[in-house]
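Here the structure comes first, spelled out in structure tokens, and everything after it is commentary.
What follows is calculated from the coordinates using simple rules that are stated; it is not laboratory data. Not measured: the values here are computed from a predicted model. Glycine gets a Cβ as well: all are built from the backbone with ideal geometry, and neighbour counts include every protein chain shown.
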Amino acid sequence: MYLPLIYTHSITVSFEFLLIIALFVYIIYLHFTLAKKNILLKTCFEKIEKNSSKLDKKDIIQFLENIKNPDYKKSVTKDRILDKKINNFIFEDESEIKLFLHYTPSKKIVDKIIKEGFMFTNSFYKTAEYIYNDELYLVQRHHEHKQFGDYVIVICISKKIFNIYSDKLNEYNLADITVEQILTESNPIVDDNNDLIYTLPQQFIKGYFNFREGTIVKNKSFDFNYNSKLFDKNLDKYK
């Protein structure tokens, strides 16, 4: 007659024991996550205090707010974005170029971009993120865009060429036209949404890297100083 009581008591003890174990594991997880965030915050503050960061105040605040958010797990996700070889690949010739990154999930897409150029809608900056050589800035921008894919296209345009056409657009009061729309060699096409699609030449595509695997693929045709005669003809159309 005592067996049911003993059996019930065993089940209760077992459930309580499992619950304690689960809570203990969760506490360890929270402690580990907090420790990683603290390390990241310490690094950020060290950079800010040394005045080594070019990051704007508003960008610093946004980055720290993201880290503070309990749901923002991407801030502590380990990847290879800060590897030296990737950093060198991105920022080589930095003083001479305008630099942009584009994230995408497919290797097939990045290989196509290298061969055919980078397609974009009226606004180039909707799909390509301007970047400069600052570790904190790079990390902040990376964690905002990494959700779009593991492959990152690196786009480089000569500052000299970019500024020439930027000045000309200002001279002709062509405020609605961007430099990237001028730096194309084919006529824009219209997509299903009636948006104009432009193609930046493959010469401006340095290549791509996979920030999780750390692999890098270079474009053999890359030339950030590329200056086609068609660029001037494009400008003439808008005068």
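Across the range 194-199, computed HN-Hα scalar couplings (Karplus, 6.51 cos²θ - 1.76 cosθ + 1.60, θ = phi - 60°) run 6, 8, 7, 10, 9, 10 Hz from first to last residue, x flagging Gly and Pro.
Rounded, prolate or oblate: which fits the range 80-238, taking a ≥ b ≥ c as square roots of the Cα gyration tensor eigenvalues, rounded meaning a/c under 1.5, else prolate when a/b beats b/c? Note, shape of the range 80-238 comes out prolate. Once R0 is set to 30 Å, what does the formula 1/(1 + (r/R0)^6) return for the Cβ-Cβ distance between residue 218 and residue 174, expressed as a FRET efficiency to the nearest 0.05? So, using R0 = 30 Å, E works out to roughly 0.30.
Here the Karplus curve 6.51 cos²θ - 1.76 cosθ + 1.60, taken at θ = phi - 60°, turns the phi angles of the range 166-183 into couplings of 5, 5, 5, 5, 5, 4, 8, 6, 9, 5, 8, 10, 9, 4, 4, 5, 6, 7 Hz, with x standing for Gly and Pro.
Per-peptide packing, taken as the mean over residues of other Cβ atoms within 10 Å, places 148-159, 90-101 in the sequence 148-159, 90-101 from highest down. Between amide H atoms placed 1.01 Å from N, distances below 5 Å from residue 211 occur with 152, all of them 5 or more places distant or on a separate chain. Rounded, prolate or oblate: which one fits the range 123-192, using the alpha carbon gyration tensor with axes a ≥ b ≥ c (rounded when a/c is under 1.5, else prolate when a/b beats b/c, else oblate)? Since a/c reaches 1.5 but b/c is at least a/b, the shape of the range 123-192 is classed as oblate. Taking amide H atoms as placed 1.01 Å from N in the peptide plane, the amide H of residue 98 lies under 5 Å from those of 157, 158, 159, each 5 or more residues away in sequence or on another chain.
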